[in-house]
Structure formats: C-alpha cells, structure tokens
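To keep things clear, I will list the structure first and then write my remarks on it.
Read-outs throughout are calculated quantities, based only on the coordinates presented, and are distinct from any laboratory measurement. Because the structure is predicted, anything quoted here is derived from the model rather than measured. Virtual Cβ from ideal backbone geometry, glycine too; neighbours counted across all protein chains shown.
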Amino acid sequence: MKIEGRRTFATGPETLWSLLQNPDVLKRVLPDCDMLEAVAPDEFQLTLNTRIGRDIEQLTGVMHLDRATPCQGFDFETQSENRPGYLYARGHVSLEPEGAGATTLIYEAEIEPRGHFARISPRLMQTTMNAIARRSLEALEFEVALRTGTFTTALTSPAAVIAARSTEIYDLVSFFRRLLTIAIALLGIVLIVRGLGRRRAQPVAGQDIGVPVRIPDELPILSPDAPVWSRV
C-alpha cells in the first residue's frame, strides 16, 4: 500500500528541517502519539494509539532516519507492532524551497501490514494512513506558525482559536437557555390545561350528582279494600 502527498509551508527549509529533527515536535505532530524518545541521533522509540475503524490499536516501535541531507530530505523506516500484528513502513521526505520564503514538503511511503492488520480492509487501511498523514501535516503547519508567527488562511492563531471556541461555547449556552425556557413554558401550559380539566370534572359544592328521578304530580291513592295484585 502506498501513500503520497505534498504541502507548502510559509517558512524556509531551515526552519522546517529543525522542526522535523526535534523529538518534542515530532511527538506533538504525530497523531495520538503517547511517547517518542530519541535513543540515537537518527533513531526514535515511539508508542501510538491509532484508531483503525472502530478499534484503537496501541502500537510500539522504532523509527530510523537514513541518508539525511540537511534542509533537503531524508529516508525513514518504521516498524510498529502489537500482539496480533505489526506495520512496516519505509519512505522518503524531501523539502523543496519555493519563492517568498516558502517550502514544499513532499512525502511518499510504502506500508506493509502483517498479521492482524493484514486482515483489515485495504480501503480502510488506506483511509487511515492518509488521515494520519494529513493530520501530521496540519499539526506541523501549526508548529511552523508558532515558530514564525505567520498564520495562513487555513490556520488561525491560538488567540483566534480561543476566541472562536469561546463564541461557540457562548452560542451553545444561549441555545440551551432558549431550549430550557421553551420547555418550562410548555410544561406550564400542560399544567394549566390539566388544572382546567380537573375543575370541569369536579362537582360544584352542594350539587347532587345522582341520577335525576321524575316524580309525577299526582300519586294514586289505593283503598285498603283493593286486591293485593293491584297494589303492586
């Protein structure tokens, strides 16, 4: 499986190169990286928690850098594994200077899943690897912006991010307040309707609610000498 792509950064090759050689920056750039430590000038140990589909896979491994040319590029090789399987990747990163203090990073990599990972859908694995590469480049762009103080249209400053999030939180709180007000109003209407219904169903004090019986104006008067059958 092969992944490749490119991204242009608003900085020179020297700044981009120094960021790519900094273990602390690499740890922040790699998505869901729990640990990344330099064990040699060109070797790093790392631990990743990578989401593949619905599962989160914890991977531990080693990354080697080779044939590094400062401010131009390097080869890399990574082996990361867990109990059911492992991922092997090798590739190349190159930096091409552009005009007006910009640099284009170009990457390509071959990835070989083994064991448990080999049974995962190739399409899902391809989507996951592309997403990891995209998130890494976005995080690297943020690191460049912090270093240079230059933020592109696709990347806002930290203050702008905080302000935007504050606005989103305020809008969300206002929405829930309106929703709560509507719910209370509806509850009040329901209680009023039920109260009116109960009042209509209750009898008025002193009112006889029995079945009305019509009494005739005149009752026949029976003689004591009348036969018994006529009294019934």
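Quick check: pseudo-label points 7 Å beyond the Cα along Cα→Cβ at LEU187 and GLU138, how many nm apart are they?
3.9
How high is the relative contact order of segment 2-155, in percent, counting Cα pairs under 8 Å that sit 6 or more residues apart?
Numbers: 289 pairs, mean separation 40.9, N = 154.
With pairs under 8 Å counted, the relative contact order is 27 percent.
Pull out the extension gain between ARG54 and ARG178, defined as 0.36 nm times the separation in residues minus the alpha carbon to alpha carbon distance; nm, one decimal.
41.1 nm
Could you work out Rg/(2.2 N^0.38 Å) for segment 87-155, with Rg from alpha carbons only? Before the final figure, lay out the partial values.
Details: Rg = 15.6 Å, N = 69, 2.2 N^0.38 = 11.0 Å.
In units of the globular-protein estimate, segment 87-155 measures up at 1.42.
Please give the contour-minus-distance gain from ASP42 to ILE120: 0.36 nm per residue of separation, less the Cα-Cα distance, rounded to one decimal in nm. If you can, show how the numbers build up before the last one.
Details: separation 78, 0.36 × 78 = 28.08 nm, distance 3.12 nm.
Between ASP42 and ILE120, full extension yields 25.0 nm more.
In which sequence would SER136, SER121 go, from the one with the fewest C-beta neighbours within 10 Å to the one with the most? Walk me through the intermediate numbers first.
Numbers: SER136 17, SER121 11.
So the residues, fewest neighbours to most, are SER121, SER136.
Out of segment 29-75, which trypsin sites (Lys or Arg not before Pro) are coil in DSSP terms and have no more than 10 other C-beta atoms within 10 Å? Mind showing how you got there, number by number?
Numbers: sites: ARG51, ARG54, ARG67; in loops: ARG54.
Passing both the DSSP loop test and the Cβ count: ARG54.
What is the ratio of the Cα radius of gyration of segment 7-108 to 2.2 N^0.38 Å, with N the residue count, to two decimals? Can you show the working numbers first?
Values: Rg = 14.7 Å, N = 102, 2.2 N^0.38 = 12.8 Å.
Scaled against compact globular proteins, the figure is 1.15.
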